[in-house]
Amino acid sequence: MKPRHKRFAMIGVAVAALAIATTLVLNAFQKNLVFFFTPSQVAANEAPQERNFRIGGMVETGSVKRQPDGVTVHFLVTDTAKTIPVVYRGLLPDLFREGKGVVAQGRLAADGVFQASEVLAKHDENYMPPEAAEALKQGRAANEKAAQSLVMPSNTGDQR
């Protein structure tokens with residue numbers, strides 16, 4: 001084989017190896033990619049049914065119910081517009097509280113209950129994940145808009 005042909009063969013092998021490596025990295029990245037959804041988006045069926053994703057918002061006050069086994073917890077996550085039930089089996093973070101921000105990762109079951117595999121709580125008074133803060137802001141805006149649309153204009157005309 002001529003040196004020129006050897007060089008072309010080496011370049012071909014290098015390109016093939018790079019393509020294989022790129023494919024493997026992108027495949028691994030795709031499998032580990034986790035998207036964030038608000039309770040309103042989950043209720044509107046925008047969240048994937050067959051993959052893990054994150055849901056974030058506030059833990060609804062009065063919604064935390066601990067099972068007798070000591071490790072299973074049921075609670076509601078809300079963005080003030082919609083509420084999603086969550087079930088988590090494991091130890092909750094020390095900062096997990098009702099009325100505080102939370103992000104849970106897991107899957108949505110067929111019955112509409114979010115099966116969390118991980119629960120994250122905010123770590124101080126001033127911090128909340130940007131996605132969760134935006135979800136709460138949008139939920140409040142939707143609630144205010146709905147409340148304004150329910151207000152009836154007053155009658156100014158005389159009806160006799």
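Look at GLN105 and say whether it is touching a residue at least 24 places away in the same chain (Cβ under 8 Å) and part of a strand (DSSP E or B). Spelling it out, GLN105 is indeed touching a residue at least 24 places away in the same chain (Cβ under 8 Å) and part of a strand (DSSP E or B). Number of residues in region 35-86 that are within 12 Å of the chain's Cα centre (by Cα) and in a loop (DSSP other than H, G, I, E, B) equals 7.
Residue pairs whose Cβ atoms lie under 8 Å apart, sitting 6 or more positions apart in sequence or on different chains, and linking a residue in region 36-54 that is over 16 Å from PRO85 (Cβ atoms) to a partner that is exposed (fewer than 12 other Cβ atoms within 10 Å of the Cβ) and at pLDDT 90 or above, do not occur here.
Taken residue by residue, region 61-71 has at least one member that is surrounded by 13 or more Cβ atoms within 10 Å (Cβ to Cβ) and at pLDDT 90 or above.
Screening ASP79, ASP111 for residues that are open to solvent by 50 Å² or more (accessible area, probe 1.4 Å) and modelled with pLDDT under 90 leaves exactly one candidate, ASP111. When MET1 is tested against the conditions (1) modelled with pLDDT of 90 or more; (2) open to solvent by 60 Å² or more (accessible area, probe 1.4 Å), the lone failure is (1).
Could you please find all residues in region 93-102 being touching a residue at least 40 places away in the same chain (Cβ under 8 Å), part of a loop (DSSP other than H, G, I, E, B) and open to solvent by less than 40 Å² (accessible area, probe 1.4 Å)? Break it down into steps so the answer makes sense when it comes.
Quick first cut of region 93-102, residues touching a residue at least 40 places away in the same chain (Cβ under 8 Å) only: 99-102.
Retained after the next criterion (residues that are part of a loop (DSSP other than H, G, I, E, B)): 99-100.
Hit for region 93-102 is GLY99, nothing else.
Scanning region 116-136 for any residue that is closer than 19 Å to GLU46 by Cα, open to solvent by 50 Å² or more (accessible area, probe 1.4 Å) and at pLDDT 90 or above turns up nothing.
The values are calculated or read from the model by the stated rules, or taken from the named source; none is laboratory data. For clarity, every value in this text was computed on a predicted model and none was experimentally measured. Because the Cβ atoms are built from the backbone with ideal geometry, glycine has one as well, and the counts that use them run over all protein chains shown. Quick note on the areas: whole protein, heavy atoms, side chains included, nothing else; ligands and nucleic acids left out. Shrake-Rupley method; radii C 1.70, N 1.55, O 1.52, S 1.80 Å.
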